[in-house]
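K.L.:
One structure is given below, represented as structure tokens, and several questions about it will come after.
The values are calculated or read from the model by the stated rules, or taken from the named source; none is laboratory data. Values in this document were obtained by computation on a predicted structure and should not be read as measured data. Neighbour counts are summed over all protein chains in view; Cβ atoms, including those assigned to glycine, are modelled from backbone coordinates with ideal geometry. Accessible surface is based on the protein model in full, side chains and every heavy atom, while ligands, DNA and RNA are left aside. Shrake-Rupley method; radii C 1.70, N 1.55, O 1.52, S 1.80 Å.
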Amino acid sequence: IFFKDANGFYLGCNTAFQAYLGRTKDEIVGKTVFDIAPEHLARTYYDADDALLRHPGVQCYESEVLSAEGTVQDVMFYKSTFATIDGKLGGLVGTLLDITERKKAEDALRASEEKFRLFFEESRDAIFVTDRECRFLDANQSALDLFGLTREKIGSTSVCDTFYDFPCQSELMDEIQRHGFVRDREVRLRRSDGALLVCLFT
């Protein structure tokens, strides 16, 4: 947590802020961002502070901070202006939250999703996703080709519509509910043009 006056000079901070930057209170209080941060980062902080002080209110944005360990960390700034006792602009109070690990996790998740999407789209196996009522939520191109459906039409289609005989469909649903899955079950399915398909269903 840190406090600045209306001219951007630090009025105070807590020990967590000092520890994160690796500076003493005397090295922070009475100084500006240009005294405690690299030029390119200080300019970002200054521009954000200037915008907030010209238009008092609240502010939230992601940026970077040079930590006490000398590494550049991803952080989230939350800032708000405050008024003096006579109602004039007194300055701003802010907090910074280290989001480095969250950003790494987001990047890893994004990469994982991209790999899954590539596998999903490029697989020669027909792969589809449904809701609990067996309505199609998504399908790869192989599934569209198998069932003779278009991307636009699949949203209004149910997997139940593709089964050639009801007993098989009912048995599969019961087994999925009991065990959570079915694997390599031979089923007869119907294309949109009525053609019979014999498939292994997992």
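K.L.:
Under 20 Å from the 7 Å Cα→Cβ point of Ala111, by amide nitrogen: which residues of the stretch 41-80?
P.N.:
Backbone N within reach: 72-75.
K.L.:
Ranked from highest to lowest mean number of other Cβ atoms within 10 Å per residue, what is the order of the peptides 54-61, 70-77? Walk me through the numbers on the way to the answer.
P.N.:
On the way: 54-61: 11.4, 70-77: 14.8.
In decreasing order of mean packing, 54-61, 70-77 become 70-77, 54-61.
K.L.:
The stretch 105-163: which GluC sites (Glu not before Pro) are DSSP loop and have at most 13 other beta-carbon atoms within 10 angstrom?
P.N.:
Details: sites: Glu106, Glu113, Glu114, Glu121, Glu122, Glu133, Glu152; in loops: Glu133, Glu152.
Listed in order of number, the matching sites are Glu133, Glu152.
K.L.:
Can you run phi through the Karplus equation (6.51, -1.76, 1.60; θ = phi - 60°) for the stretch 110-117 and list ³J(HN,Hα) in whole Hz, with x for Gly and Pro?
P.N.:
Ordered by residue, 3J(HN,Hα) equals 4, 5, 5, 5, 5, 5, 4, 4 Hz.
K.L.:
With the chain treated as a Gaussian network of Cα nodes joined by springs under 10 Å, which of Asp125, Asp184, Asp35 yields the largest mean-square fluctuation?
P.N.:
Most flexible of the set in this elastic network: Asp184.
K.L.:
Hey, any idea what % of the chain's accessible area is carbon plus sulfur with a 1.4 Å probe? Kindly include the intermediate steps, with their values, before the conclusion.
P.N.:
Details: 6800 of 12680 Å².
The C+S portion of the solvent-accessible surface of the chain is 54 percent.
K.L.:
Report ³J(HN,Hα) in whole Hz for each residue of the stretch 170-186, in order, from the Karplus equation J = 6.51 cos²θ - 1.76 cosθ + 1.60 where θ = phi - 60°; Gly and Pro get x.
P.N.:
5, 4, 4, 5, 5, 5, 4, 5, 6, 10, x, 6, 10, 9, 6, 8, 6
K.L.:
Over 17 Å, how big is the tail of the calculated P(r) for the stretch 71-167, in percent of all Cα pairs?
P.N.:
Details: 3260 of 4656 pairs.
Counting pairs separated by more than 17 Å, the tail of P(r) holds 70 percent.
K.L.:
Using the heavy atoms of the protein chains and a 1.4 angstrom probe, tell me the accessible area per residue for the stretch 6-161 in square angstrom.
P.N.:
Details: 9600 Å² over 156 residues.
Here the residues of the stretch 6-161 average 62 Å² of exposed surface.
K.L.:
Now, a different point. Under a GNM of the chain (C-alpha, springs under 10 Å), which listed residue has the highest mean-square fluctuation: Asp26, Asp86, Asp161?
P.N.:
Residue with maximal mean-square fluctuation among Asp26, Asp86, Asp161: Asp86.
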